[in-house]
Every structure is written in C-alpha cells, then in structure tokens.
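Please treat every number below as a calculation from the coordinates, not as lab data. Predicted model only: the values in this text are computed from it and were never measured. Ideal geometry is used to build each Cβ from the backbone, glycine not excepted, and the neighbour counts take in all protein chains shown.
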Amino acid sequence: MTNDIVDLLNALREGTMTVDEVAQQFRTRKWPRRRRTPPTTYAELAATELEDPDPYLPGSYDDVAAAFHQKKITREQFRVLSDAVAEAQRAEDAGEG
C-alpha cells in the first residue's frame, strides 16, 4: 500500500528528492498521532503493559520508522526526518494552546 509518506521516502531512496526536500515536506505536514490517556494507577499500568502494540498507522511516523528498519533510508536520513516530524508536531502543539 502506498501513501504520500511512502512516496516521499521512495523519492528519497531513488534520488529524485534530497533529504532536505523530504524533511521540508515533513515539517509542513500534519502527522496523525495516537493519543491515549496515561495510566494513573499501578493496575492500569500493568494492564497497559499486557496490551498488544498499536497497529500500523498508514501515513504516519510508522512509515518513516519502517523505512529505517528495512534499511531503505540511512541512520542520518532517519535522524533528519525524525527531527522534521518532531518539529511539525511541536508546531501543531503550539498552535493548539
């Protein structure tokens, strides 16, 4: 399955875009996030530990992490792109306040 993030990562891998160009696209994008209420008691914390991991979320940071783990992008590219995602999320959070 393809999405805009996978398309950008493929363009980076194919050399049709630079890491800086992809990072700029990442900075201006709204990233889907999972929002959970943090556990407040020991019992809730224990129950949370037993839950399955969250499923793959297409078009999210999951795609960036998967590309790195599949060795489709380098560690340095992963660092630059992760920073760009974090910048976008911080900007979004600042706008919410």
* Unit charges at the beta carbon, dipole of the chain: most positive-side option, 58, 15, 32 -> 15
* **Computed FRET value (nearest 0.05) for residue 79 with residue 41, which takes r as the C-beta separation and R₀ as 30 Å** => 0.25
* Asked: With θ set to phi - 60° and the Karplus curve 6.51 cos²θ - 1.76 cosθ + 1.60, what are the ³J(HN,Hα) couplings of the range 84-89 in order, to the nearest whole Hz, using x for Gly and Pro?
  -> 5, 4, 4, 4, 4, 5
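Summarise the long-distance tail of P(r) for the range 17-76 by giving the % of C-alpha pairs beyond 14 Å. Don't jump to the answer; show the numbers that get you there.
On the way: 1250 of 1770 pairs.
It works out to 71 percent of all Cα pairs.
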* Asked: In debye, nearest 20: dipole of the range 1-48 around its Cα centre with unit charges on the Cβ of K, R (+) and D, E (-)?
  -> 340 debye
